[in-house]
Structures are given as C-alpha cells and as structure tokens.
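Accompanying notes for the structure given below.
The values are calculated or read from the model by the stated rules, or taken from the named source; none is laboratory data. Given the structure is predicted, the values throughout are model-derived calculations rather than measurements. As a convention, Cβ positions derive from the backbone with ideal geometry for all residues, glycine included, and neighbour counts pool all protein chains shown. The protein model used for the area step is the full one, side chains on, heavy atoms only, and it has no ligands, DNA or RNA in it. Shrake-Rupley method; radii C 1.70, N 1.55, O 1.52, S 1.80 Å.
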Amino acid sequence: MNTLAQKTGLAMPHLSPEQRAVLLRLAVLGLLGLALSLAAPAFLTTGNLLNVLRQASLMFLLASGLTLVILCGGLDLSIGANVALSACLAAVTIKGTGSILFGCAVGAGCGLLIGLLNGLMVTALRIPPFIATYGMLWILHGVTYWYMNGETIHGFPPEFRMLGSGYLAAVPVPVYLMLGVLLAGTVLTQYTTWGQEIYATGANTESAALSGVPVHARRLAVYALSGLMAGLASLVFLARLNSAEGDMGESLTLQAIAAVLIGGTSLFGGTGTLVGTLIGALILTVVLNGMNQLGISANWQPFITGVIVILSVLSDALARKRQGG
C-alpha cells in the first residue's frame, strides 16, 4: 500500500535521533506552558515570562560548557563552586579597584584557570573525571570560605548590574548572552572538525585516538571552556544578586547537570546538542516557576527535579534500545 508521502509526492525529511529528541522536548515544553497557563493565569504575563528567560539563561550559560565536557565523555562537578570563587574574586576586584572591566577579567580568568586545572588532572594525571572534579569542588569551597571569611560584599555599579538584571529593548541582557553562546557553540560543535572530534571522543575514545583525534587536547579544551563558561555565569549571577558570599552557587551544579540530562545529552558521551540543553534549561525553569505560581512548597522542588531527570534519562535509554534492537 502506498504511503501518504508516496501518494502526494512528498517525502518526510529524515530526522536524526538528536533532532527527534529536540522535537520531543519542544513538545513537552509546549505542553507544560499550556498546562501552566490554564492552571496559573499569571504564568503567561510578560513579566513572568521574561523572568523565566532570565533564570533559564543563567542555567544555560553554566550548562553549555558542561554539555561539551559530557559530550567528550567527561564530567565536571566543580562548576557551582567555580562560580562562587570566581564571583567573589570579581566582587573584591570591582570594589577594590573600581574597574568593572578588570573585575570581569578576574572572574572569567579564575573560571578558565579552574577549568584548565580540571582538564590537566583528567588528561595528564589520568584521574577519573568524577574524582578529579569532586575533589576540586571541595578545594574551591574551602578556598572561597577562607577568602571571604564569612563576609558579604554588596553594592556594585549600575553599569555592572546591567549584566545580570538589565534590559536591552525590553529583553533581559542575559538572554542575549545565552543566544550568543548558543549560536557560537552550535556552529563549533555541529559544523567544525573540532566539534566532530568532540563527539567522536565521547562516543569511542579508543577509536577516536586510532583515527588521529588528539583526545587529550580535546578533553583539556572542553574542560577549559566549561571553566570559562562558569566564570562568565559567575559574573551574570553576581550582577543579578548584587552581592557575593562564600556559599553562593552551591545549588547551581545540580541544576546545570539536570538541564544537560533533560536536554538529551547522554552521560556516556557522544550524544546531545546545545539546543537540547537550552530546551532542558527552559523545561526545568518552567517547572520550578510553575510550582511557585501554583503555591507549591519549595521543599518539593528538588524532588520534582529528580523525577524529571530520571524520566528524561529513562526515555532516552528506551529510545536507544529501540533503535539498537
């Protein structure tokens, strides 16, 4: 029997597993938005939607670098602690020198340095990524608490605060940063040899090495990028909160990991996209925002986040099993 495509002379375009995963998550995001708009009319107000975008943009900035690390077969558990130390150093620099540019350079540079150290531990010292970055997490916490000594730094110039809480043409400034990172990251991963080598390294390290891919160099690079994105996220976070203290950023690591997994990136490496991570960040942000709109206790938010992550990973595992079988 002829199919509809044959009868009409039209053929459906072939979609890769990643593209199908993105479309599925877009559908989930749309259904969530529809359900919340019916249950909580305030959800669809302009102010609330802009707030969702602002929160999702910070989560995406942090998760974008983590996505590259996981695509390459690694893991970075130190990104939240990286944000804290980078933000505190940037805050002290801005307050001490009065230079916003110098403070931003210090924050971004700190993030990059931490990322490089993580990459060197994984590539040069051959420490497993979980152990290396988990140890780095505690080292960074200790350094940050010692450096801040329980103090809080607050009150930054309005020009700096624009980075996290300002608007440009009625759109939050962090959204523009998010779109810029998404565009650059998508081009890098999808349309360059470097990006394809990242996927190859994560999918099968031994085969990639035998094919001439500089595996260690690529892993070092993605850890450095993850650290740099944590440094950038720290500046946005600092500008939004208008204060810095030792325990800031502690919850960001799990949120970033959740965004990456909800977006369809496999923890085993080699599968996923930055577009998927953006959608994952939006789904997680919409769910948390919707719970607030519905008056659900914040105590339930970690529980709901965990359920969403497990369901996302389970659905991907089932999809891969069907494709393989």
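Any chance you could tell me what percent of the C-alpha pair distances in the stretch 52-118 go past 20 Å?
37
For the stretch 152-202, what ratio Rg/Rh do Cα atoms give with a Kirkwood hydrodynamic radius? Kindly include the intermediate steps, with their values, before the conclusion.
On the way: Rg = 16.7 Å, Rh = 13.4 Å.
Rg/Rh for the stretch 152-202 comes to 1.25.
Using the Karplus equation 6.51 cos²θ - 1.76 cosθ + 1.60 (θ = phi - 60°), what ³J(HN,Hα) coupling, rounded to whole Hz, does each residue of the stretch 129-142 give in order, writing x for Gly and Pro?
Along the stretch 129-142, the couplings run x, 4, 5, 4, 7, 5, x, 4, 4, 6, 4, 5, 4, x Hz.
At R0 = 41 Å, how high is the FRET efficiency between L125 and A105 if r is their beta carbon distance? Nearest 0.05 is fine. Mind dumping the intermediate values first?
On the way: r = 28 Å, r/R0 = 0.69.
Efficiency, from the Cβ-Cβ distance: 0.90.
Taking just the C-alpha trace of the stretch 15-101, give me its Rg and Dmax in Å.
Every Cα atom of the stretch 15-101 included, Rg and Dmax give 18.5, 54 Å.
At 1.4 Å probe size, put D76, D316, D247 in order of accessible surface, largest to smallest. Could you put the intermediate results ahead of the total?
Numbers: D76 5, D316 25, D247 80 Å².
From most exposed to least exposed: D247, D316, D76.
May I ask you to derive the FRET efficiency for L183 and A27 from their Cβ-Cβ distance with R0 = 22 Å, giving the value to the nearest 0.05?
Working: r = 23 Å, r/R0 = 1.06.
Rounded to the nearest 0.05, the efficiency is 0.40.
How much FRET efficiency would the formula 1/(1 + (r/R0)^6) give for N204 and V143, where r is the Cβ-Cβ distance and R0 is 51 Å, rounded to 0.05? Don't skip to the end; give the middle numbers.
Numbers: r = 37 Å, r/R0 = 0.72.
According to the calculation, E is roughly 0.90.
At 1.4 Å probe size, what's the solvent-accessible area of S251? Round to the nearest 10 Å².
My reading of the accessible area for S251 is about 70 Å².
Ordered by packing density, taken as the mean number of other Cβ atoms within 10 Å over each peptide's residues, highest first, how do 37-46, 106-115 rank?
Values: 37-46: 13.0, 106-115: 24.0.
The densest-packed peptide leads the list: 106-115, 37-46.
Quick check on the chain: what does the Kirkwood estimate of hydrodynamic radius come out to from the alpha carbon pairs, in Å?
Working: mean 1/r = 0.0485 Å⁻¹.
Over the chain, the inverse of the mean reciprocal pair distance is 20.6 Å.
If the convex hull of the alpha-carbon atoms of the stretch 1-146 is projected onto planes in all directions, what is the mean projected area in square nanometres?
On the way: hull surface 64.2 nm².
Its Cα hull, projected and averaged over all orientations, spans 16.0 nm².
Under 5 Å between amide H atoms, partner at least 5 residues away or on a different chain: which partners does L77 have, H built in plane at 1.01 Å?
Those qualifying (amide H under 5 Å, at least 5 residues apart or on another chain) are T133, Y134.
Report the normalised scattering of the stretch 212-325 as log10 I(q)/I(0) at q = 0.15, 0.23 Å⁻¹, calculated by the Debye formula with identical scatterers on the alpha carbons.
For the requested q values the scattering log ratios are -0.85, -1.36.
Report the normalised scattering of the stretch 104-190 as log10 I(q)/I(0) at q = 0.20 Å⁻¹, calculated by the Debye formula with identical scatterers on the alpha carbons.
At q = 0.20 Å⁻¹ the computed log10 ratios are -1.11.
Put a dot 7 Å past each Cα toward the Cβ at Y176 and V313; how far apart are the dots in nm?
So the two model labels end up 3.8 nm from each other.
Leaving out ligands and nucleic acids, and using a 1.4 Å probe, what accessible area per residue does the chain come to in Å²? Provide the component values of the computation, followed by the final result.
Values: 15610 Å² over 325 residues.
Accessible area per residue: 48 Å².
Express in Å², to the nearest 10, the accessible area of I131 obtained by rolling a 1.4 Å probe over the protein heavy atoms while all chains stay in place.
100
Can you pull the one-decimal nm distance between simple spin-label points at Q301 and Y134, each 7 Å off the Cα toward Cβ?
Roughly 2.6 nm, to one decimal.
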